[in-house]
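Below: one structure, written as structure tokens.
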Amino acid sequence: MPPLPFQIDRSSRLSLTRQLVDGFRRAIAEGRYGEGDILPSIAEITAATGVCPVVVRLAIKRLAAEGLVNPRPGIGTVVLGSNAPRWKGHVAILTAELSDNFSNGIIIGHITRVLMKAGYLVTKIPVLLPKENPELAAPTVDLLARGITFAIVFYGAEPAIKDAVVKARIPFVTVGEVCDKAPLFKGNIVIDTWNALPEFIENCHAAGVRTITEVAFERGSQAVRTALGNAGFSATLLPLFKLGKIPKCDSVTEMTMEIMDKLLSNGSEWLPDVLFCSDNIAAEGTLLALLKHGIRIPEDVGFVTWMPKGDRPVFWKSLTRLETDPEKDGDEIGRIILRVIAGGSVPSDPVIRSVYKDGETFPAKRP
């Protein structure tokens, strides 16, 4: 077998699967493999690159999904020609690597499904970009320049990621991240996860609530506390990760539970009328700690949380919550992207919104 027309770089930030896909895609585009040619076998690619067969199979599967090859049993992986299905365009979804969570994953999955059904290839690019090393944006620019026709920059992304998209001269939208005065910036898809707060506030007034504590990992939401304060409540923040040394645990839920457990071990007199968790993972650990100390919900403390539909926490009573719907949101964002690609505009109204759901954990009737 002749040598492959590309090499695997194990020091690269790109996954081995991505390197194989990029390598073969580029080789096909350059004519190294023509229509009807058979790619090297899985065993030959494994031997040439040192990559395990499972990764090679996944790379071939992705090449097939792009319409570049057709794996045929007994024959091999056949390179397709000009009559093969072609994508209308290639859309990149850029996220900060550490911003992945249940909600984002569902939203991105549904955006991808809508776009691919419409004939667009979609690639998610998670970027780990330390603030002290903005030069790491250069590989992102190089990656974007490889046939990407449109980009979606997800909230939580570093400014340098948006700068990389601008430098690559690709039309793009942001999701929850405004990018002013960029030549090819098509608009920002607005997020308002706290739009259901007025209904929560109304129920707090009806229940005679006076004190509300927001439970968050660090900063929480100043917008939430300001709205509660303006409504006449005593609103405070309980920043779990700033209360002392963070315990070493196997999960964030366990970490949250231990921090709350330590607080409650010194007494529960500090508990407000209502605990409001602006993060559903913080809510899960908080609930476990409250149960451990025999604190009744909502008799001893009301409990309300923000959470995506279908995600945790799970509780034996139905939770009162501000709920988002990541499946619905992802589908809607996908449809917006298609309209923007076709020359339309991004709506000014929020797309990702919350709905207030009454449960059994609030309101706690107060004298």
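The values are calculated or read from the model by the stated rules, or taken from the named source; none is laboratory data. None of these values were measured; they are calculated from a predicted model. Positions of Cβ are backbone-derived with ideal geometry, glycine not excepted, and every protein chain shown enters the neighbour counts.
Quick notes on this structure:
- Comparison of Asp349, Asp329, Asp358 shows that the only residue that is under 28 Å from Ala206 (Cβ atoms), among the acidic types (Asp, Glu) and outside the structural domain of Arg225 (by TED's automatic domain parsing) is Asp358.
- Selection status of Tyr155, surrounded by 15 or more Cβ atoms within 10 Å (Cβ to Cβ), closer than 22 Å to Ser345 by Cβ, at pLDDT below 85 and of a type in the set (Phe, Trp, Tyr): yes
- Test: residue in the range 290-308 that is among the acidic types (Asp, Glu) and closer than 26 Å to Ile108 by Cα: no
- Among the conditions (1) within 30 Å of Glu327 (Cβ to Cβ); (2) of a type in the set (Gly, Ala, Ser); (3) touching a residue at least 12 places away in the same chain (Cβ under 8 Å), Gly34 misses just one, which is (1).
- Any hit, the range 38-46, residues being closer than 30 Å to Arg335 by Cβ and acidic (Asp, Glu): no
- Within the range 201-235, being among the polar types (S, T, N, Q), part of a strand (DSSP E or B) and closer than 15 Å to Thr305 by Cα holds for one residue alone: Thr213.
- Scanning the range 96-121 for residues that are under 16 Å from the mean Cα position of the chain (by Cα), modelled with pLDDT under 90 and more than 15 Å from Ile352 (Cβ to Cβ) gives Ala96, Glu97, Leu98, Asp100.
- Among the residues of the range 170-199, those that are within 19 Å of Pro126 (Cα to Cα) and at pLDDT 75 or above comprise Ile170, Pro171, Phe172, Val173, Thr174, Val175, Gly176.
- Hits in the range 24-41 - residues which are assigned to a helix (DSSP H, G or I) and buried (at least 19 other Cβ atoms within 10 Å of the Cβ): Phe24, Arg25, Ile28
- Qualifying residue in the range 71-87 (condition: modelled with pLDDT under 90, under 27 Å from the mean Cα position of the chain (by Cα) and not in a helix (DSSP H, G or I)): yes
- Only one of the listed residues (Val51, Val78, Val21) is in contact (Cβ under 8 Å) with a residue 12 or more places away in the chain, of a type in the set (A, V, I, L, M, F, W, C) and within 22 Å of Ile148 (Cα to Cα). That residue is Val21.
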